[in-house]
Structure formats: structure tokens, C-alpha cells
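K.L.:
One structure is given below, represented as C-alpha cells, and several questions about it will come after.
The values are calculated or read from the model by the stated rules, or taken from the named source; none is laboratory data. The model shown is predicted, which means the values in this text are computed figures rather than measured ones. Positions of Cβ are generated from backbone atoms using ideal geometry, with glycine treated the same way; all protein chains shown enter the neighbour counts. When the accessible area is computed, the model is the full protein with side chains, heavy atoms only, and any ligands, DNA or RNA have been set aside. Shrake-Rupley method; radii C 1.70, N 1.55, O 1.52, S 1.80 Å.
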Amino acid sequence: MSLSGCPHVAAFKKSKGTKPFRIIQAFFVSCSSVENVKRKARAGSCHVCQQCNQRLHACLTCVFFGCYTMGHIQDHARSTKHNLAVDMTHGTVFCVPCGDYVYDSEFEQISQEERLNCSKFHGSSVQGFSAWEATGYEIELLRRNPTRKKVSGSSTIGLRGLINLGNTCFMNCIVQALTHTPLLRDFFLSDKHHCENERSRDNCLVCEMTRVFQEFYSGIRSVHIPYRLLHLVWTHARHLAGYEQQDAHEFFIAALDVLHRHCKGHNGASGNNPNHCNCIIDQIFTGGLQSDVTCQACKGISTTVDPFWDISLDLGPSSSSNSAPLPVPIIVPTPLPDFSLDSNSSGSSTSSSSLHNGDSGLMSPPGFDDVPHSLDDCLRRFTRPEYLGSSAKIKCSVCQNYQESTKQLTMKTLPLVACFHLKRFEHSSRFRKKISTFISFPHELDMTPYMSTHRRANGLSHHPRSNRTTTSDNQYSLFAVVNHHGSLEAGHYTCYVRQHQDQWFKCDDALITKASVHDVLQSEGYLLFYHKRILEYE
Amino acid sequence: MQTTIMADYGDRKIKDAQMRASINQKLVETGEKERLKELLRNKLIESGWRDELKAHCKEVVRRKGLEHVTVDDLVAEITPKGRELVPDEVKRELLHRIRAFLAQQSNI
Ligand SMILES: [Zn+2]
Ligand SMILES: [Zn+2]
Ligand SMILES: [Zn+2]
Ligand SMILES: [Zn+2]
Ligand SMILES: [Zn+2]
Ligand SMILES: [Zn+2]
């Protein structure tokens, strides 16, 4: 295999130049005009055997197409002394006398150019893939740092215990979850954060996260002491300062908020997500929650979509649930039903009749037990229509009157990473308590039933799952679970994280131990982190 | 009896080839083939297929020596492995796309 051409290519270029090659590229390999595409479609078969799928090649000297597998292009070359042929799928040059493909930098350059034109012409949203080629700077870096680390399937790189700095397990478990978020890891390890202000680097949480990621993935196995991180979060989210036990969920949201703010400079209004920010945090964590308020008088629907970073799910019986949403930067409108509308404790459907006549006779009695037992139960409850009560009249945007209404929340757009917060802590003016019920959650989660497109269409029918569409886009995999142990007053946080595809580890501050999926799924989850299984290109 | 079966078989083979050619023509004409290629390329890259195959190729080249290996040798050695390593999900998605495309084409 020669990487520097061959005498035949050199001779060809000398007598005919590169033009014939470019013409074949543009006409028959990477077409970028309607005319050429048509021509290619017509010409696409072997002149000898008429077959189209036997590695078709075009003669570089005359108009001849022959297949490689059956030897028709080789026969042509030998009988005509037309030595070179172009592979019509890949655009590479085959030299018949040499018996191999030949690489020539000029030809390579041309085929790359034509390929780019082609992908533009076909309206491809993605820049055609080209392999990474090291720049001079990168070559120099590689030379100066000769140590290479290969991450194998059994490697423990990325696992590091964290010292508890006095009740800081709430932070440690979030750091573990974040450092095991695949997209975030890729972002930080590829050094994508370019700090806006040189002087404020010490003050930038994103820079500090970069250091934390480097610490985690350095291969060093001793415990890490995250004091700088803690200090930075304290300075930027003052309500978390102090050495008393804090709420891991609150810390998670605060950390995302500070990271999002410190990404400034990369934030732009151009983001595709509902938060209209294209910082890495919003790209990964932001989803859109649709709220449909239906007027009971005219049946008109007012729709709004709000960004969210996490979904807080009620665990108590819906009739007594009375908790206020946490003061988070992005407030997820938590349904606060006065009555349960759903007399169906299996929760499989919400019948439209009971909803639409708004007759309180059809309401469940107060205290009716419909506590959720699974993440699915929680999500079904979260996305079902709720009667807002006769005292909460809302001005209808359709009939312009204050009317009784129902409200339904659904997922308009899904985030790449979905964080579910099971509201185990009930804070009210009267009491504070922890709900320790076991809530089952799956390893693989399908969000399709909770999508606006799906739920709204089916929410009013009696068969919510009948025309279910299974698209792989809405499939999620579990990758981290934060657990809270003990009581409100004397509690402790630990976290399960996934390494590679299927290995689980329990992180208990400085201690890291191997765990099974079973351990994870049987645990009393507090925060559940899922990532999308398939990423679409933007 | 024997001959008619053979004739049918030969007939079908010709028809299959014609069908294949006209499907290919449609795919090229509409630009769908380019889009499918791009989709496939991206899916294979993100599934790690490309990296795995590349490592395998490097191994073959190292074993035989760069001067003694032709593209044909390489193709012959890695094709079985390459086919085997394509994730089922990728195959399924591509098949789904092709079916959907053909369903739209009334005149094949
Ligand atoms: Zn040659
Ligand atoms: Zn042929
Ligand atoms: Zn020729
Ligand atoms: Zn920074
Ligand atoms: Zn942002
Ligand atoms: Zn109205």
C-alpha cells in the first residue's frame, strides 16, 4: 500500500492534469447539482454486466464504468492500458498495474472539496465528518507529554472518593453525579471552556469544574478534597453557605445556575432549548415543560412553555399534598391539586368525562390513597390534567372571562439529561417530614407517554396508550442515583454512579465500592439522573 | 417440473436485479442515498464502530507490514468483523428509513 502515489499516477497527472479526476468526482461520486445527480443515477451500473452493487469504478481516461468484484474494470484497464479507475462510492483511485488503491495528496484534496459541496447540496445539517488531524500545536503537545492512557472496559479511571469537609456529602454526591454525566465529561475533558475573563479565573466555577474533571480522570486514585469547589459555590450561592447539612437537590440546581452564569460569553440567545441559552449546561439539562390551561366554559386552551432543569415529583397522596416548590432558579410548576380528579387508583388513565363536567360529585374523597409507587406513577400524575378549583378562576385567553379551568403539564421538549427529584422532604409551616416510601424506577426509561404530542392527544381518550409511537428518541438510560439515608435531622447522602456501559459504583464520600444494578434499583432514590440514549445532531 | 423451477428461479434472479437497479437509481436520483450514507456514517461513528474497526485495521497493517498489505487484503480481513460489529439498532434504523423511503415511491 503506497501513501505517496505510484509512477502511473505521476505519469497520468503529467499528461492530463487533475481535471479528469475532478470531473469524475463531481459527476459520479459527490454530486452537487440536480443535473449531476440525475446523470449519476442513470449511469450507475457496469457497462459489461449491468450490475450496480459490485463496487463500481469509473475509468479515469475514457467513459467507462466497470465493476471491481467481477473484474470488469480490471479487464478494461488491461485491454486499453487505461491504468487508473475511480471507485464511484468512495472516490478513491485504483491503479490496475499496481494492483492497489493509490493515495495522492492532490486527488485527496479534490475529493474532499467535492464531498463538502455534495453534503451542502443535499442540505445536510451536519458538516461532513472528517477525521481529527493533529495541528502543529497538538503534535508538539503530544511530543512533550509522551505518557498515554488507554481506558479499557475494566478501568477505574474516573472514580475518586471525595473528602467530607463536615456535612458536605450533599455536595460530594452531586459532584459524583456531574462528573459521571457523559456529555459534561466530554465537554470538560476536551477543554471546551474558554474563560471570558483571564483575571477572574480563580473565581469561575466552570474553570474549577474543569480542574475537578481533570482530577477525577487523571488516573490518580487517592481521595480528592473539593475545598475550592465548595468555596466557590459558597461565594456564588450564598444561601448554601455554612457547615450545616444542605439539600442535595438545592445544591444541584444552584450549581447548574452558577455554572450557567459563569459560562457567559458562550451564552447566546441562539440556543435551541427553551431557555434560549447555548451554554453547555442548557444544552444538556434544559427541557421545555408545556402547560395547557383549559377553560371549562369554552374549552379553549391557553398554552405556555417553560424551561426546566429538573422535574420535582410529589410522593404524598395527591389530596393532602401541600408543599411549596423550592426556591430554585427555574421553578417547575408543581401541580398542587386541591382535589384528586382521578378516581382510578391504577392511574392508567384520566377519563375525560370526570374532568369536563367539573362536577365535584365525581371527585375522589379527601385523603384518597393514590400515592405513587414508581417513577411512572409519579410522571403520570405529574402530567395528568388537574382541576384548579372553583376558587382559582383564571382569565381565559379565548373567551376573555374568568373561568374555572383545568391544567395539564406535559413535556414539550426533552433534555439530553433528565433529572428527577423525588420530593421526599415535606416542608410546610406545620411540619417537616421525610417520606421514605420505596419508589421503583427503571434502568431504561421511555418518556414518550409524557410528551405533549402524545399525552395531549391521548389524555382525552380512554386508551392512553393505544396509538403509542415508539421512537428511539425518547429513550433514556439511568446513570446516577443520589440517595438520602436517615432522618431529616441526622441524614447522610450517598450516590450510585455508572462507569462504562454497565458497571455501578457506590460513592460514600471518600469510600467507593462496587455495586450491582440490583442494589441501585432497590435503593431509596432521591435524585434520579437519566441520559438520552440517542443524540440527534443539531 | 425441474426445468420450470429453474426457469422461475432464473426469472426471479433477473427481476431481482432489475428491481435492485431501479431502487438504486431512485435512491441516487432523490439524494436519499447520500443522506442515508451520512446517517450511517454518523451512527457508526457514535456507536464506536469506526474506532473499533480502525484499531483492527491498524493491527492487520502492523502484522503484515505496510509495504505488503493491499486494500483488498484489508477489506478481505476486516469485512466479516465489520459486518458483525454493526449494532443491531443501526441496522434497524437504516432498514426503517429505507422502507419508509420505498413506501413513498409509488412508481417502483
Ligand atoms: Zn500504479
Ligand atoms: Zn460488471
Ligand atoms: Zn478507459
Ligand atoms: Zn472559567
Ligand atoms: Zn446557559
Ligand atoms: Zn374560555
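K.L.:
Step by step: first the residues of the range A:40-79, then only those that are within 9 Å of ligand 2 (Cβ to nearest atom) and under 22 Å from A:THR18 (Cα atoms), then the one that is nearest to the other protein chains (Cβ to nearest Cβ). Which residue is that?
P.N.:
Per the criteria, the residue is A:LEU56.
K.L.:
I want to confirm something. Restricting to the range A:500-538 and keeping residues that are open to solvent by 50 Å² or more (accessible area, probe 1.4 Å) and of a type in the set (Ser, Thr, Tyr), which single residue is farthest from the other protein chains (Cβ to nearest Cβ)?
P.N.:
It comes out as A:THR513.
K.L.:
Hey, another quick one. Residue by residue through the range A:175-213, note down the ones that are within 16 Å of ligand 5 (Cβ to nearest atom) and within 19 Å of the chain's Cα centre (by Cα).
P.N.:
A:LEU178, A:THR181, A:LEU183, A:LEU184, A:PHE187, A:PHE188, A:LYS192, A:HIS193
K.L.:
What are the residues in the range B:82-99 that are open to solvent by less than 80 Å² (accessible area, probe 1.4 Å) and more than 13 Å from chain A (Cβ to nearest Cβ), if any?
P.N.:
Of everything in the range B:82-99, those that are open to solvent by less than 80 Å² (accessible area, probe 1.4 Å) and more than 13 Å from chain A (Cβ to nearest Cβ) turn out to be B:GLY82, B:LEU85, B:VAL86, B:ILE98.
K.L.:
Taking only the range A:282-323 into account, find how many residues are at pLDDT below 90 and aromatic (Phe, Trp, Tyr).
P.N.:
Residues in the range A:282-323 being at pLDDT below 90 and aromatic (Phe, Trp, Tyr): 0 in total.
K.L.:
Go through the range A:83-111 and count every residue that is within 16 Å of ligand 3 (Cβ to nearest atom) and without any contact (Cβ under 8 Å) to a residue 12 or more places away in the chain. Walk me through it before giving the result.
P.N.:
From the range A:83-111, those within 16 Å of ligand 3 (Cβ to nearest atom) are A:83-88, A:93-97; that's our starting set.
Going one step further and asking which of them are without any contact (Cβ under 8 Å) to a residue 12 or more places away in the chain, we end up with none.
Adding up the residues that qualify gives 0.
K.L.:
Please list, ordered by residue number, the strands (runs of 3 or more DSSP E) wholly in the range A:379-471 having 3 or more residues that are farther than 19 Å from A:GLN290 by Cβ and at pLDDT below 90.
P.N.:
Once the strands (runs of 3 or more DSSP E) in the range A:379-471 are filtered for at least 3 residues that are farther than 19 Å from A:GLN290 by Cβ and at pLDDT below 90, what remains is A:425-427, A:432-434.
K.L.:
Which residue pairs have Cβ atoms under 9 Å apart, sit 6 or more places apart or on different chains, and have a first residue in the range A:520-538 that is at pLDDT below 85 and a second that is open to solvent by less than 30 Å² (accessible area, probe 1.4 Å) and of a type outside the set (D, E, K, R)?
P.N.:
A:TYR537/B:ASN42
K.L.:
Continuing with the same structure: Could you check A:ALA43 against (1) surrounded by fewer than 21 Cβ atoms within 10 Å (Cβ to Cβ); (2) aliphatic (A, V, I, L, M); (3) more than 18 Å from B:GLN25 (Cβ to Cβ) and say which number it fails?
P.N.:
Only one criterion is unmet by A:ALA43, namely (3).
K.L.:
Taking A:TYR103, is it within 14 Å of chain B (Cβ to nearest Cβ) and not hydrophobic (A, V, I, L, M, F, W, C)?
P.N.:
yes
K.L.:
Same structure, new question: Scan the range A:16-23 and give yes if some residue there is buried (at least 21 other Cβ atoms within 10 Å of the Cβ), without any contact (Cβ under 8 Å) to a residue 40 or more places away in the chain and in the same structural domain as A:VAL96 (by TED's automatic domain parsing), otherwise no.
P.N.:
No, every residue in the range A:16-23 fails to be buried (at least 21 other Cβ atoms within 10 Å of the Cβ), without any contact (Cβ under 8 Å) to a residue 40 or more places away in the chain and in the same structural domain as A:VAL96 (by TED's automatic domain parsing).
K.L.:
Quick check: is even one residue across the range A:84-93 open to solvent by 10 Å² or more (accessible area, probe 1.4 Å) and hydrophobic (A, V, I, L, M, F, W, C)?
P.N.:
yes
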